[in-house]
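Written below as structure tokens is the structure these notes are about.
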Amino acid sequence: LAKKRGVEVHVDYFTPATAEKLRSTRERPKVIATSNTFNHIGDLHSFMKGIDIFLADDGFFVIEVPRAKEMIDNNLFENMYHEHVAQFSLLSIVKLGAFFGMEVVDVDRLPLIHGGSMRIFLSRKSQGIRGKPIVAEMLKDEADAGMLDKASYDRLAKRVDAIGAEIRKILGDFKKQGKKIAGYGASARGNTLVTYYGLGTDYLDFLVDKNPLKHGLYSPNLRIPIKPVEAIETEKPDVLFVLAWNFFDEIKNQQQAFLDRGGKFVAPLPTLRVVG
């Protein structure tokens, strides 16, 4: 898509060698930005070394990534899966930047689309830019929340397991009543949730997803069949278990006919609720 729009695209892993190659053929950029890719990078130090090589001396490195504190606060364990090799607090970005002579000078809180994200602005320490007050505020927020305490993660694990037990009871009760249940969304996050909680075809008759590349296939591990969203009309499930919970309002608005015929939604996160 970018190429079709006339944007120059360099296809390669961003390593120090790649950065050196780019630096030798073009002007060093004043801004390098990553959007929801930083948590997919296996070798962060190699990547950051590349940033250090390529970024202009007076440039800014911008990272947009889900924030671990919101993940913990909202029990969003399903955002931890094979593609997301790391979860980041603001403090972890501060520490990482320091290895490469960079410091966090600003940060934005972003909406709940990924459960809660942050956009972080780093500059070289040599620029001498004073960090905005929100940086210190968010670091204190993380410390006060016990993000460096093992007990915080033990409590998260207990909450996650309690939610799973309640989900199995709710869906199990619907199945005992003879209800047909479909899962809405066949994403990696959704699959993490159903796999961890063991919500196979004894709970979910099928999944629906808008992506046509998934239709006619099965979910990994539990092998739940995946159908088009139109199957909600043709198969007429009684309950929609909304795995794409972060789009719940949009899905609910799109499925008014489902609600009108008495359908119920079960949204698992950030708080478990039954609607309809």
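Taking segment 50-114, which trypsin sites (Lys or Arg not before Pro) meet the DSSP loop condition and have no more than 13 other C-beta atoms within 10 Å? List each step's numbers first, then the result.
Numbers: sites: R67, K69, K95, R109; in loops: none.
Of the trypsin sites (Lys or Arg not before Pro), not one in the loops of segment 50-114 has a Cβ with at most 13 other Cβ atoms within 10 Å.
Can you put L1, L269 in order of Cβ neighbours within 10 angstrom, beginning with the fewest? Can you show the working numbers first?
Numbers: L1 6, L269 23.
Ranked by crowding around the Cβ, least crowded first: L1, L269.
Could you sort 198-209, 152-163 so that the peptide with the highest average Cβ count within 10 Å comes first and the rest follow in order?
Details: 198-209: 19.3, 152-163: 13.3.
Order by mean packing, descending: 198-209, 152-163.
Quick one: what are the phi-derived ³J(HN,Hα) couplings along segment 7-17, Karplus 6.51/-1.76/1.60 with θ = phi - 60°, whole Hz, x for glycine and proline?
8, 5, 10, 9, 9, 5, 6, 8, 10, x, 5
Percent antiparallel among DSSP beta bridges with both residues in segment 165-275, to the nearest 5? If you can, show how the numbers build up before the last one.
Working: 4 of 16 bridges.
So the antiparallel bridges amount to about 25 percent of the total.
Could you work out how much longer the chain between L272 and L110 gets when fully extended? Use 0.36 nm per residue separation minus the Cα distance between them, nm to one decimal. Please list the in-between numbers first.
Details: separation 162, 0.36 × 162 = 58.32 nm, distance 2.25 nm.
Gain on extension, L272 to L110, equals 56.1 nm.
Per-residue ellipticity at 222 nm for the chain, helices alone: DSSP H runs ≥ 4 residues times -39500 (n - 2.57), over residue total, nearest 500 deg cm²/dmol? Don't skip to the answer; put the middle values down first.
Working: 10 runs with 102 residues, N = 276.
One gets -11000 deg cm²/dmol as the mean residue ellipticity at 222 nm.
Quick query: amide H of A33 versus all other amide H atoms, modeled in the peptide plane; which residues come in under 5 Å with a sequence gap of 5 or more or a different chain?
So A33 has HN proximity to V62.
Semi-axes, largest first, in whole Å: what does sqrt of 5 times each Cα gyration tensor eigenvalue give for the chain?
Numbers: eigenvalues 332, 105, 48 Å².
One finds semi-axes of 41, 23, 15 Å for the chain.
As a footprinting exposure proxy, order V94, V7 by other Cβ within 10 Å, with the fewest listed first. Don't jump to the answer; show the numbers that get you there.
Numbers: V94 19, V7 8.
Arranged by neighbour count, lowest to highest, V94, V7 become V7, V94.
Using a Cα-Cα cut-off of under 20 Å, which aspartates and glutamates could be cross-linked to K180, ignoring same-chain neighbours fewer than 8 residues away?
E166, D202, D205, D209, E230, E233, E235, D238, D260
How big is segment 138-276 by Rg and Dmax over its Cα atoms, in Å?
Answer for segment 138-276, Rg first and Dmax second: 16.4, 52 Å.
State to the nearest 20 debye the size of the charge dipole of the chain about its Cα centre, where the only charges are +1 on K and R beta carbons and -1 on D and E beta carbons. All intermediate terms of the calculation are to be shown ahead of the outcome.
Values: 39 positive and 35 negative charges, 59 e Å.
Its charge dipole is roughly 280 debye.
With θ set to phi - 60° and the Karplus curve 6.51 cos²θ - 1.76 cosθ + 1.60, what are the ³J(HN,Hα) couplings of segment 177-193 in order, to the nearest whole Hz, using x for Gly and Pro?
Once θ is set to phi - 60°, the couplings for segment 177-193 become 7, x, 7, 8, 10, 10, x, 9, x, 10, 7, 4, 5, x, 5, 4, 5 Hz.
Tell me the label-point distance for the pair Y153, D202, using the 7 Å Cα-to-Cβ offset, in nm and rounded to one decimal.
Label-label distance for Y153 and D202, simple model: 3.1 nm.
Could the peptides 164-170, 20-26 be put in order, highest first, of the mean number of other beta-carbon atoms found within 10 Å of their residues? Let's see the in-between values first.
Values: 164-170: 15.0, 20-26: 12.4.
Descending packing order for the listed peptides: 164-170, 20-26.
Could you run the Debye sum over the Cα atoms of segment 40-138, one equal point scatterer each and no solvent, and tell me log10 of I(q)/I(0) at q = 0.10, 0.11, 0.15, 0.21 Å⁻¹, two decimals?
Reported log10 I(q)/I(0), two decimals: -0.28, -0.33, -0.62, -1.12.
In this model, which of K3/K210; K49/K125; K49/K150; K169/K214; K210/K236 are farther than 19 Å apart at the alpha-carbon? Can you show the working numbers first?
Values: K3/K210 25 Å; K49/K125 15 Å; K49/K150 31 Å; K169/K214 29 Å; K210/K236 17 Å.
Check vs 19 Å cut-off fails for K3/K210; K49/K150; K169/K214.
Can you list residues whose amide H is under 5 Å from V229's amide H, if they're 5+ apart or on another chain and H is modeled 1.01 Å from N?
Long-range HN contacts for V229: D209.
Values quoted throughout were computed directly from the atomic coordinates according to the rules given, and no laboratory measurement underlies them. These numbers were taken from a predicted model, which means no experiment stands behind them. Neighbour counts are summed over all protein chains in view; Cβ atoms, including those assigned to glycine, are modelled from backbone coordinates with ideal geometry.
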